[in-house]
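Following: one structure in C-alpha cells, then a few remarks.
None of the figures in this text is laboratory data; all of them are computed from the coordinates on show. No experiment lies behind these values; they were computed from the predicted model shown. All Cβ positions, glycine included, derive from the backbone under ideal geometry; neighbour counts span all protein chains shown.
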C-alpha cells in the first residue's frame with residue numbers, strides 16, 4: 001500500500017513513462033524500494049523500518065495498527081542507518097554507517113543514535129561526533145538490548161587506535177552515560193552474552209586478520225581461548241545459549257564443505273553437530289520469537305530453506321505453517337516480547353519481498369507492506385538455479401535468469417560476475433539490475449566462482465590470489481556450460497560487472513578471445529598494483545594485510561591487470577565511473593579507457609564527478625542504464641530504454 005507519508009519522507013515522485021514493445025521502461029527498475037528492513041517494537045505498538053533514499057538510508061517509525069508515520073530519522077548525505085534495534089517499547093537505537101556510492105559496502109562508523117518512538121528525544125549517544133560527555137574517541141556497536149532493562153543496553157566499545165582492545169560497556173540509552181562492564185582479551189572484538197545479559201564470548205582479530213575466540217564462565221572474569229584460526233584453520237562464531245543456559249551454540253567452518261552449527265557444553269566440553277547442509281552455509285540464524293535463543297537457520301541454496309535444532313519445537317512448527325500459508329520462504333525478522341505477534345518477511349527471485357504481521361494465537365496474518373509494491377511478480381523474469389563442475393573438479397553453483405515469455409533456448413546472454421569478490425555471493429533473490437537486463441531480452445548468468453561465500457571455507461579460500469586466474473576460469477566454464485546447454489547463443493554473449501565484476505568482464509575478453517562479443521565495466525578496478533597504492537582498503541593495516549594475502553604482492557599483479565593488456569581486447573567496451581569513488585578510484589577507469597584507445601579498441605565512457613562507488617542520483621542512473629542497454633543492444637540485439645535521458649558527462653571530472 002502506498003502512503004502519503006512515504007512520499008513526503010522520500011521526496012520521490014513517480015514519472016512513469018510509456019514503454020513500447022521494443023523498449024524497457026527504466027523507472028520501475030530504478031525506483032527506490034519502499035523499505036529495506038522492518039522490525040516490530042517489543043510491545044507491538046510500533047514498527048520501525050529503514051528507508052532507502054537517493055544517497056542515504058533513513059528510519060521511519062510507524063504505528064503498527066494503521067501504518068501512520070509518528071517519528072523519523074534522516075542522516076546526512078552518504079550516511080546510513082546501517083542497523084537498528086528496539087531497546088524498549090518506546091526507544092530505538094540506530095547504528096550509523098557511511099558509504100560513498102550505491103555499490104559501496106556500508107562501513108559502520110561506530111556511532112549509536114537513540115530516538116523515541118514518537119520521533120522525540122533524538123540523541124547521538126556515542127561515537128566520534130558526540131559533543132559533551134565521552135570517554136575518549138571511540139566506536140560502539142550494540143551487543144545486547146537487555147530485555148529486562150528499558151533504560152540500558154550493552155555495547156562493544158572500540159577505542160580509535162589501529163588495533164583496539166575492545167571493552168563492553170553498559171550504555172544509558174537516554175543520556176549516553178557509559179560504565180565499563182568487561183574488557184576483551186583480543187583486539188577488534190565482538191561479544192556474545194547469555195540469556196541473563198552476562199558477557200560470555202569474545203571473538204576478534206588483530207591486524208593479521210586471524211580470528212580468535214574466547215570464553216568465560218558465568219560470574220567469572222578470566223578468559224579462556226577456545227579457538228585460534230591460525231592453529232585450527234577455521235573460524236568459530238558464537239551465536240548464543242539454549243533457553244536453560246546449559247548449552248552454547250557455535251557456527252563453525254569445516255575443512256571441507258559447508259559450515260556447521262554445533263552445540264557446545266561448557267561443563268563437559270562435548271560438541272554435537274546440529275545443522276549442516278550438503279551444499280551451502282547457514283545464511284541467517286533463526287531465533288525463538290521473543291528471545292535471543294538460537295533454534296535454527298535459514299539456508300540460501302537452490303531455494304531458501306529453514307532447518308531447526310529440534311524439528312518438533314514450537315518455532316519449527318510456526319515456520320512450517322507460515323511457509324505453507326505463503327507458499328514460499330519466510331523469515332521472522334522480529335517479534336513482540338510475549339511472542340504473540342511476529343513480523344514475517346517472504347520473498348522470491350521474482351518478488352522483492354512482502355511483510356506481514358502474524359498473530360501466533362489467533363493464527364491470523366495481516367499484510368503490512370511490500371518492499372516494492374509497484375513490482376508485479378507475475379510480470380518478472382524467472383530465476384533458476386544451476387550447477388556445474390569447473391575444469392579442476394570444483395563444484396560451482398549459480399543462477400540463470402530467463403526473460404519472461406521466452407523459451408530457454410538460444411538466447412542472447414549477459415554474464416554478470418558479482419563484485420566483492422571475496423565473501424560475497426549471488427543468492428537468487430530478486431535483483432533489479434538482473435531483472436532489468438532480462439526485461440531487455442537477455443538471459444543473465446550469475447555464477448558463484450571460487451572466493452565467493454556460502455559454500456564453505458575451502459570454496460572461499462580457493463580464491464586466494466586467483467584474480468584473473470582460476471576465478472576467471474570459473475566464469476568462463478559457466479559461460480561455456482550455458483552454451484552447451486543450448487541456453488545461450490554462442491554468437492550473442494557479453495560480459496558485464498561492477499567493481500571486481502568489471503575487472504572480470506575485461507579479463508574475460510582478454511583470456512577468452514571470441515567467447516564474448518562485448519564487455520562493460522562499472523566502477524571497476526583494472527590496475528591491480530594500484531590497489532596497494534590508492535583506495536580505502538589500504539587505509540588500515542588489516543586492509544593492507546587483506547590485499548597482500550588475497551590479491552597478491554604488487555610486483556606480481558601487473559601481468560594480471562587489464563590496463564596492461566588492452567591490446568588483447570578485441571571487442572567493444574563500455575566503461576563508467578564516479579569521481580568520488582574511494583573503493584575503486586576513477587583513475588582505474590581513466591587509465592583503462594586511455595589504454596583501449598591507444599590499442600584502437602572501440603570504447604565508450606561515462607563519468608560523473610560527484611558520484612562514488614555506484615551512482616546515487618536517479619538521473620545519473622537513468623543515463624547510465626540507457627547507455628548500457630544501447631551498448632548491449634548493438635552487439636546482442638536486445639531492447640533499449642524507453643526513457644529520454646538527461647545530458648551525460650562523457651568527460652573527465
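Does anyone have the angle between helix 470-484 and the longest principal axis of the chain? Alpha-carbon axes, 0 to 90°, nearest 10?
It works out to around 60 degrees.
Suppose R0 equals 25 Å. What FRET efficiency, 1/(1 + (r/R0)^6) with r the Cβ-Cβ distance, do residue 165 and residue 195 give to the nearest 0.05?
It comes to 0.40.
When a/c reaches 1.5 or more, the comparison of a/b and b/c decides; with that in mind, is the range 431-515 rounded, prolate or oblate per its Cα gyration tensor?
Judged from the Cα gyration tensor, the range 431-515 comes out prolate (a/c at least 1.5, a/b above b/c).
Between residue 333 and residue 231, what is the label-point separation in nm under the 7 Å Cα-to-beta-carbon projection?
4.2
Expected output is a single nm value to one decimal: the length gained when fully extending between residue 610 and residue 432, i.e. 0.36 nm times separation in residues minus the C-alpha distance. What is it?
61.7 nm
In degrees, nearest 10, range 0 to 90: what is the angle between the Cα axis of helix 618-636 and the longest Cα principal axis of the chain?
Rounded to the nearest ten degrees, it is 40.
When the label point is put 7 Å from the Cα of residue 150 along its Cα-to-beta-carbon vector, which residues of the range 29-53 have a backbone N closer than 15 Å?
41-46
Treating the angle as unsigned and between 0 and 90°, give the value, to the nearest 10°, between the Cα long axis of helix 587-599 and the longest Cα principal axis of the chain.
Taking the Cα atoms of the chain, the angle to 587-599 is about 20 degrees.
Suppose the chain between residue 491 and residue 63 were pulled fully straight at 0.36 nm per residue; how much longer would it get relative to their current alpha carbon spacing?
Value of the extension gain: 148.6 nm.
Using 0.36 nm per residue of separation minus the Cα-Cα distance, give me the extension gain between residue 568 and residue 359 in nm, one decimal.
Full extension of this stretch gives 69.1 nm more.
What FRET efficiency do you get for residue 244 and residue 118 if R0 is 45 Å and r is their Cβ-Cβ distance, rounded to the nearest 0.05?
0.75
R0 = 51 Å: FRET efficiency of residue 404 with residue 222, Cβ-based, nearest 0.05?
After rounding, the FRET efficiency stands at 0.25.
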